[in-house]
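Okay, structure first, notes after.
Laboratory data are not the source of any read-out in this text; all were calculated from the coordinates shown. Note that this is a predicted model, so its numbers are computed, not measured. Cβ sites come from the backbone with ideal geometry, for glycine too, and all protein chains shown count toward neighbours.
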Amino acid sequence: MNHPTDLLPEGLEDRLPASAARITAAMRACLETLDAHGYDRVRPPLLEFEHSLASRMLGAGTQRCFRMTDPASLETLALRSDITPQVGRIAATSMKHAPRPLRLAYAGDVALIRASQLDPARERLQLGAELIGADTVAAASEIVTLAVAALRAAGLTGISVDFTLPDLVDTLAGREGSHTPEQLAAIRRELDTKDAGGLKAAGGEAYLPLLYAAGPIDEALPRLRAFDTGAALASRTAGLEAIAEAVGEDARVTLDPTERHGFEYQSWFGFTLYADGPGRDGAPAGGAQTGALGRGGTYRIGGSAEAASGFTIYVDALSDLAPQPEPTRTLYLPRGHDPQAAARLREEGWRTIAQLSDSEEPQALGCTHVLEEGETRAL
């Protein structure tokens, strides 16, 4: 029976060996993919001065961050809830003079004061890549295809990428100039909820076709172009088409042009990542779409306004779908074994467990082989 003091706070959990192994394997596969594409890893600290972190969170603020007083400086510190602003700070300060475009990768834990009902976890392992110093279709294409490659490397199949245009209403309103800021806020809200009746009541009847310009990219994009009679979105639709072509057959591409959830600071382009599986037992998940595995898009770095494109992958969610890593051969080392032979076998990829007492049962400890006279024998 657990003692009450052994309980963990809401939204926090232990990851036991099998789960931790999936997380580690998925993280390694993703990071190796980012490294292979020229993205250098950085490791920002867990804590920063609150005012510094808030200045780069582009409107998101630090309301979701745990805060505390630093006894050294007496300043308020914030425990990061997002690593992306920290990478932006590194690019704008320590790596200000590094050649552009700058390619950076990261992986680390973040914590939230509150989480949503749909995703109650308050501690998450966040991994991602940022391409800094370029605001082009080519840069966005690289980021999307890299995100897909990372998911594939982690063993996921049935990958989907859902495109959106975060600044869609602002772009169209700038051309029309016929709505007040309050009306535009109401229109955005009704588009977010996909409420046709509410959109009409808010004075956004002209935006109704946007609700139907969604679905597979080859069907939705022509509908979006048909709506864009004034060509206000011409460059954006051309960009979406080019990015979809870059993805090719590696993932299913869809479009939801009015989706803004999770795109608080993206500019003209955003995307969400999904996958079908495989599931924990290694079998396909039957085609059922999971929750979002990651998001990305184009944005401006807070504080410096430098153009960037990037993505974040939620490794915990990804690992729940990733296949269990292949079991490592585990070798039992009896007392008095040859240490040089054991070292050689570890170099060859064996995992070893050394005997500590006569009461041990090698198979109960997960061993598959035993070392005898310098050779391995299956148990």
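Calculate one ³J(HN,Hα) per residue across the range 266-271 by plugging θ = phi - 60° into the Karplus curve 6.51 cos²θ - 1.76 cosθ + 1.60, and present them in order as whole Hz with x for glycine and proline.
6, 9, 8, 9, x, 8
Between residue 119 and residue 46, what is the label-point separation in nm under the 7 Å Cα-to-beta-carbon projection?
Calculated label separation equals 2.1 nm.
Using only Cα atoms, find the angle between the long axis of helix 17-36 and the longest principal axis of the chain, and express it within 0 to 90 degrees, rounded to the nearest 10.
Between the helix axis and the principal axis of the chain, the angle is about 60 degrees.
Along the Cα→Cβ direction, 7 angstrom out, place labels at residue 74 and residue 196. What is the inter-label distance in nm?
In this crude spin-label approximation the distance works out to 6.3 nm.
Tilt of helix 217-227 relative to the longest C-alpha principal axis of the chain, in degrees (0 to 90, nearest 10)?
20
Which value at 222 nm does the chain reach when only helices count, each DSSP H run of 4 or more adding -39,500 (n - 2.57), with the total divided by all residues and rounded to the nearest 500 deg cm²/dmol?
-9500 deg cm²/dmol
Tell me, what ³J(HN,Hα) does each residue in the range 345-355 have, in order and in whole Hz, if you take phi through Karplus 6.51 cos²θ - 1.76 cosθ + 1.60 with θ = phi - 60° and put x for Gly and Pro?
Values per residue, Gly and Pro as x: 5, 4, 5, 7, x, 6, 9, 10, 10, 8, 5 Hz.
Against the longest principal axis of the chain, how steep is helix 234-247, in degrees 0 to 90 to the nearest 10, with axes from Cα atoms?
In the chain, helix 234-247 runs at an angle near 20 degrees to the longest axis.
At a threshold of 8 angstrom on Cα-Cα distance, excluding pairs fewer than six apart, so keeping six or more, what relative contact order does the chain reach in percent?
Across the chain, relative contact order equals 18 percent.
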